[in-house]
1. Going highest first, how would you order 99-106, 115-122, 139-146 by mean Cβ packing within 10 Å?
2. Just to confirm the number: angle between the C-alpha axis of helix 5-15 and the first principal axis of the chain, 0 to 90 degrees, nearest 10?
3. Pop out the ³J(HN,Hα) list for segment 126-132 in order, Karplus 6.51 cos²θ - 1.76 cosθ + 1.60 with θ = phi - 60°, rounded to Hz; leave Gly and Pro as x.
4. Based on the Kirkwood radius over alpha-carbon pairs, what is the Stokes-Einstein translational diffusion coefficient of segment 1-74 at 4 °C with 1.567 mPa s viscosity, in µm²/s?
5. Add -39500 (n - 2.57) for each DSSP H run of 4 or more in the chain, then divide by its residues: what number comes out at 222 nm, to the nearest 500 deg cm²/dmol?
6. For segment 71-77, take each phi angle, set θ = phi - 60°, evaluate the Karplus expression 6.51 cos²θ - 1.76 cosθ + 1.60, and give the result in whole Hz per residue in order, putting x for glycine and proline.
7. Could the peptides 63-69, 26-32 be put in order, highest first, of the mean number of other beta-carbon atoms found within 10 Å of their residues?
8. Using only the alpha carbon atoms of the chain, find the Kirkwood hydrodynamic radius as the inverse mean reciprocal pair distance, in angstroms to one decimal.
Amino acid sequence: MESTPAQLRIAVASVLTWPPRRWIVAVLAAAVAALAIGVPTGIVRTSFYTRMTSVTWWDYPVWAVTAVLVGLTAATYVRVGTARTAGPDGSRRTIGAALLASFAVGCPVCNKLVVALIGVSGALSYWAPLQPVLGVLSIVLLLAGLAIRLRTQVTCLSPTA
């Protein structure tokens, strides 16, 4: 089922009518996602991990947008009143896209899998230039999943039996 621009506008406008319970879940899930991605990748400086390459300028927006989109998507799973949303469960897609974002913003030479496959020079020469593409792809996947969840939230509301 294709989404029309009007359906998408209605779905986005429905976010503004969310009850506080959904907004609390959105904020908490965004914070958890930000920490789950930011700490292991070294964007958030801690004593647990020292990043070998500096954080690039685009790491911050990809990290922030990913956290916000994960939070909003998580909030769509919160039941509101007696209505339930009947729609696809995109939780695997959301987790996969968030994992892709962590690969996108992570240190290229700290990724042991990449270093094992193509070496340190390969990680810097080949993997590092691909990371912005992975960041954009993860955001596109998260936006698509959120759009699907919002669309079904608006079009498929049904009372519980």
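We did not get these values from a lab; they are worked out from the coordinates using the rules stated. This structure is a prediction, so every number in the text was calculated from the model and none was measured. Cβ coordinates were reconstructed from backbone atoms using ideal geometry, including for glycine residues, and neighbour counts include every protein chain displayed.
1. On the way: 99-106: 21.5, 115-122: 12.8, 139-146: 18.9.
Going from most to least packed, we get 99-106, 139-146, 115-122.
2. Helix 5-15 sits at roughly 90 degrees to that axis.
3. Computed from phi, the couplings for segment 126-132 are 10, 6, 4, x, 7, 4, x Hz.
4. Details: Rh = 14.2 Å.
This corresponds to a translational diffusion coefficient of 91 µm²/s.
5. Numbers: 6 runs with 104 residues, N = 161.
Value at 222 nm, helices only, nearest 500: -21500 deg cm²/dmol.
6. x, 5, 5, 4, 5, 5, 8
7. On the way: 63-69: 20.6, 26-32: 16.7.
The most tightly packed comes first, giving 63-69, 26-32.
8. Working: mean 1/r = 0.0589 Å⁻¹.
Final number for the Kirkwood radius of the chain is 17.0 Å.
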